[in-house]
1. Taking the stated definitions as given, is GLY13 out of contact with any Asp or Glu (no Cβ under 7 Å at 6 or more places or on another chain), surrounded by 23 or more Cβ atoms within 10 Å (Cβ to Cβ), of a type outside the set (S, T, N, Q) and in contact (Cβ under 8 Å) with a residue 24 or more places away in the chain?
2. Do you know which of the residues in the range 173-186 that are buried (at least 20 other Cβ atoms within 10 Å of the Cβ) and of a type outside the set (A, V, I, L, M) is farthest from VAL216 (Cα to Cα)?
3. For GLY135, all conditions in the list (1) small (Gly, Ala, Ser); (2) at pLDDT 95 or above; (3) buried (at least 17 other Cβ atoms within 10 Å of the Cβ) hold save one; what is the number of the exception?
4. Say we look at the range 82-93 and pick out the residues that are in contact with a Phe, Trp or Tyr (Cβ under 8 Å, 6 or more places away or on another chain) and surrounded by fewer than 19 Cβ atoms within 10 Å (Cβ to Cβ); which of these is nearest to LEU198 (Cα to Cα)?
5. Of the numbered conditions (1) free of Cβ contacts under 8 Å to residues at least 40 places away in the same chain; (2) hydrophobic (A, V, I, L, M, F, W, C); (3) touching a Pro at 6+ places or on another chain (Cβ under 8 Å), MET77 satisfies every one except a single condition; which is it?
6. Scan the range 141-171 residue by residue and report those that are free of Cβ contacts under 8 Å to residues at least 60 places away in the same chain and hydroxyl-bearing (Ser, Thr, Tyr).
7. Please find, among THR144, THR155, the residue that is closer than 30 Å to ALA120 by Cα and hydroxyl-bearing (Ser, Thr, Tyr).
Amino acid sequence: MKICNKMFAECLGTFVLVLGGCGTALFGHVGFLGVAIAFGLTVIAMAYGIGHISGAHLNPAVSFGVWVNGRMSFKEMLLYWVAQIVGAVIAGAVLLLIWKSTTDAATGVFAANGFGADFAAATGNADYQSICTGGAFLVEALLTFVFLMVILGVTDSRHENGKFAGLAIGLTLVLIHLVSIPLTNTSVNPARSLSQALFSCADGWNALSQLWLFIVAPLVGAGLAGLAYKCLGGCCKCKE
């Protein structure tokens, strides 16, 4: 498959992920469970819609973990990153246009990721909890690690039930959101975090000032998962 086709697929897929997931958070009034399901459904839909073209990474952290694991080249990973970021930012801009067409109010946190007392207060939702920087980093890195271990496992060529990979990945993302929405609004995806931080405008809290954590932590978790699965796969081969 040509790289331009893969890039377009990643751009489109990430656009749909942000539009569907963050759009539900902004307009759905469905609570944490509904938002978690929305993110999971978008991943499932794109996994089966474009997975055969690009693998449906939809996330720079996923591409990084796949590269660390040795399943794609560094150049291809960088091109995936560009496509994913472009798709996410376009989706964020579209969501802002829709938001502005329905209300004259400020955007607030705009489904952005954040942590701490100021972020919890800015959401206007008492269900959000204040978590320190170290705790937020641990949550994002650990959950990204879990996410990548599932992805690398179900997409392994040795897996006998690969046709269910999209479903397993989507359901894992639902679980991850249920754990971390009240803490960090769930990133595990630098492109998703960037797209919303660019358009967030909340009193007393700045999304861009905390964006670094939602870039670094997912990449750390994904990189560790890539290495861990490479070791696990090597051990499995030795026993065969």
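1. Yes, satisfied.
2. Applying the filter and picking the extreme gives HIS177.
3. Every condition holds for GLY135 apart from (3).
4. ALA93
5. (3) is the only condition that MET77 fails.
6. Once the filter is applied, which keeps residues that are free of Cβ contacts under 8 Å to residues at least 60 places away in the same chain and hydroxyl-bearing (Ser, Thr, Tyr), the range 141-171 yields only SER157.
7. THR144
Let's see how each residue does on (1) at pLDDT below 95; (2) among the charged types (D, E, K, R); (3) touching a Leu at 6+ places or on another chain (Cβ under 8 Å):
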position	(1), (2), (3)
PHE145	no, no, yes
GLU160	yes, yes, no
PHE164	yes, no, no
THR172	no, no, no
PRO182	no, no, no
ASN185	no, no, no
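The values are calculated or read from the model by the stated rules, or taken from the named source; none is laboratory data. Remember, predicted model here, so these are calculated numbers, not experimental data. All Cβ positions, even for glycine, are placed from backbone atoms using ideal geometry, and neighbour counts span all protein chains on display.
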